[in-house]
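The values are calculated or read from the model by the stated rules, or taken from the named source; none is laboratory data. This structure is a prediction, so every number in the text was calculated from the model and none was measured. Cβ placement follows ideal geometry from the backbone for every residue including glycine, while neighbour counts extend to all protein chains displayed.
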Amino acid sequence: MRNASIRFIDPNTDKNQFFPSLRKEVDSYFKDRQLSKYSNSSMVVKTVVLFSLYILPFIALLAFNPPLIVSLSLWAFMGFAMAGIGMSVMHDANHGSYSKNPQVNKILGFSLNMLGGSVFNWKIQHNILHHTYTNISHVDDDIADKLILKLSPNTSVKWYHKFQVLYAFLFYSIVTLYWATLKDFLQFKRYIKDGMNKNTPSENRTILLKMILDKILYFSILILLPIYGFGIPAGQVLGGFLLMHAIAGIILTVIFQLAHTVEGTSHPLPNEANVIENSWAIHQLNTTVNFSGKNKFLTWYLGGLNYQIEHHLFPNICHIHYPAISKIVRSACQKFEIPYLETKSFWSAVRSHIKTLKRFGVRVSLDEAVN
């Protein structure tokens, strides 16, 4: 990983006031309407609904031991709910934007551990590396090459990458399972080596122990309890568990990719002085795309991640406010003549992602790569 000390310096002084001006307008929006930047009652209701859709099917599995087709359907519901919790609840909580009470954010953010992940690693990967250095190769972990998958134009092309559009979505289906089993441990070790994890050895031993215990508890409840505690056939449990992760993995990975690994986004590289010649805020606009903003169900289920521009500019604001403040952001972009990237529909965004995977799988010049 490149040393994450990259600086953002915009040589265009005419646009230096873009973000201060925008932030002032957004602050005024909340102040004038006496609104909290955090969650409201509708967000609480959504939280209850999503957790219920995850927990109640599992209780039904244990209580009734239904036939295979019903059992798989319940596991599938859990997969959709798992992704929904990740996008709508865990994501906001670990950004500190669900509640002004840090303890509430900590409790709800721990839902990631309940889904097999690690909050500690996630905050380094997502809050620090991805949100600060969006689409910058070798720093933004979200676009790092993953086994046989290439998500950046600025890394070396292997012969098999030209076929990645054929296997990418299969790869996406195992992402959360990989996360729950190996990724956190490999990532934990790498962040210590790279200096991103600044804890003492003693603190890291405690964190690692908690991580191991969380995962043992997770697999014990989801797999061992149904098999040994309730006599459900092992094949049925394992099949359902894998189906749940396949559904959650595809949803989560695709949604996050539709904001950054699509046509129109840039992938700039720092110069010799380790500087990105742009302001941080405009860099976010150049590397992020909204999609399907008028689809109310998607906006609800995706936790506002179809409004990734607003999220990247204001990660400390709860996603329920993104549709409203998007109008302010769009107006500011027009005023300062900054592109506001948007794909009108979900499927158009998926097609754009597929085209981008194809493009990244072939060799391009450096000039093409950074644009």
*Residue ID - nearest to ARG330 (Cα to Cα), chosen from residues in the stretch 1-53 that are surrounded by fewer than 11 Cβ atoms within 10 Å (Cβ to Cβ) and among the hydroxyl-bearing types (Ser, Thr, Tyr)*: THR13
*asked:* I need the full set of residues from the stretch 310-330 which are closer than 15 Å to ALA281 by Cα, in contact (Cβ under 8 Å) with a residue 40 or more places away in the chain and not in a loop (DSSP other than H, G, I, E, B), in order please.
replied: HIS312, LEU313, ILE328, VAL329
*Go through the stretch 18-28 residue by residue and tally those that are out of contact with any helix residue (DSSP H, G or I) (no Cβ under 8 Å at 6 or more places or on another chain) and not hydroxyl-bearing (Ser, Thr, Tyr).*
4
*For the stretch 171-206, what are the residues that are among the charged types (D, E, K, R) and in a helix (DSSP H, G or I)?*
LYS183, ASP184, LYS189, ARG190, LYS193, ASP194, GLU203, ARG205
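Return a yes/no flag: does the stretch 348-356 have any residue that is modelled with pLDDT of 95 or more, touching a strand residue (DSSP E or B) at 6+ places or on another chain (Cβ under 8 Å), on the phi < 0 side of the Ramachandran plot and surrounded by 22 or more Cβ atoms within 10 Å (Cβ to Cβ). Can you show your working first?
Taking the stretch 348-356 and keeping what is modelled with pLDDT of 95 or more, we get 348-356.
Still in the list and also touching a strand residue (DSSP E or B) at 6+ places or on another chain (Cβ under 8 Å): 348-349, 352.
Those still in the list that are on the phi < 0 side of the Ramachandran plot too: 348-349, 352.
From what's left, surrounded by 22 or more Cβ atoms within 10 Å (Cβ to Cβ): 349.
So far as the stretch 348-356 goes, yes, one or more of its residues are modelled with pLDDT of 95 or more, touching a strand residue (DSSP E or B) at 6+ places or on another chain (Cβ under 8 Å), on the phi < 0 side of the Ramachandran plot and surrounded by 22 or more Cβ atoms within 10 Å (Cβ to Cβ).
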_I need the full set of residues from the stretch 29-52 which are assigned to a helix (DSSP H, G or I) and in contact with a helix residue (DSSP H, G or I) (Cβ under 9 Å, 6 or more places away or on another chain), in order please._
TYR29, PHE30, SER42, MET43, LYS46, THR47, VAL49, LEU50, PHE51, SER52
*Give me a count of the residues in the stretch 105-131 that are closer than 16 Å to PHE256 by Cα and of a type outside the set (A, V, I, L, M).*
7
*Confirm whether LEU129 is more than 24 Å from SER266 (Cα to Cα), among the aliphatic types (A, V, I, L, M) and crowded, with 20+ Cβ neighbours inside 10 Å.*
no
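Just checking, which of LEU147, LEU61, LEU72, LEU68 is surrounded by fewer than 19 Cβ atoms within 10 Å (Cβ to Cβ), under 25 Å from TYR301 (Cβ atoms) and aliphatic (A, V, I, L, M)?
Values: LEU147 fails: under 25 Å from TYR301 (Cβ atoms); LEU61 fails: surrounded by fewer than 19 Cβ atoms within 10 Å (Cβ to Cβ); LEU68 fails: under 25 Å from TYR301 (Cβ atoms).
Of the residues listed, the single one that is surrounded by fewer than 19 Cβ atoms within 10 Å (Cβ to Cβ), under 25 Å from TYR301 (Cβ atoms) and aliphatic (A, V, I, L, M) is LEU72.
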_the stretch 256-285 residues that are on the phi > 0 side of the Ramachandran plot, paired with ones that are basic (Lys, Arg) and not in a loop (DSSP other than H, G, I, E, B) (beta carbon under 7 Å, 6 or more apart)_ = ASN274/ARG7
*Go through (1) in a helix (DSSP H, G or I); (2) of a type in the set (A, V, I, L, M); (3) crowded, with 20+ Cβ neighbours inside 10 Å; (4) in contact with a Lys or Arg (Cβ under 9 Å, 6 or more places away or on another chain) one by one and return the number of the condition VAL262 breaks.*
(1)
*Among the residues of the stretch 220-240, which ones are exposed (fewer than 15 other Cβ atoms within 10 Å of the Cβ) and assigned to a helix (DSSP H, G or I)?*
SER220, ILE221, LEU224, TYR228, GLY229, PHE230, ALA234, GLY235, LEU238
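Name the residue that is nearest to VAL45 (Cα to Cα), counting only residues in the stretch 285-308 that are out of contact with any Asp or Glu (no Cβ under 8 Å at 6 or more places or on another chain) and buried (at least 22 other Cβ atoms within 10 Å of the Cβ).
Among those residues, the one meeting the criterion is LEU302.
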*Residue among LEU243, LEU208 that is more than 19 Å from the chain's Cα centre (by Cα), buried (at least 17 other Cβ atoms within 10 Å of the Cβ) and without any contact (Cβ under 8 Å) to a residue 60 or more places away in the chain*: LEU208
*What pairs can you find where one residue is in the stretch 96-118 and over 20 Å from MET211 (Cα atoms), the other is of a type in the set (D, E, K, R) and crowded, with 22+ Cβ neighbours inside 10 Å, and their Cβ atoms are less than 9 Å apart, with a gap of 6+ or different chains?*
TYR98/ASP92; SER99/ASP92
*So SER118 clears everything in (1) farther than 19 Å from THR253 by Cα; (2) within 23 Å of the chain's Cα centre (by Cα); (3) among the hydroxyl-bearing types (Ser, Thr, Tyr) except one condition, right? Which one?*
(1)
*Is at least one residue of the stretch 122-132 farther than 30 Å from LYS358 by Cα and either in contact (Cβ under 8 Å) with a residue 60 or more places away in the chain or out of contact with any strand residue (DSSP E or B) (no Cβ under 6 Å at 6 or more places or on another chain) (or both)?*
yes
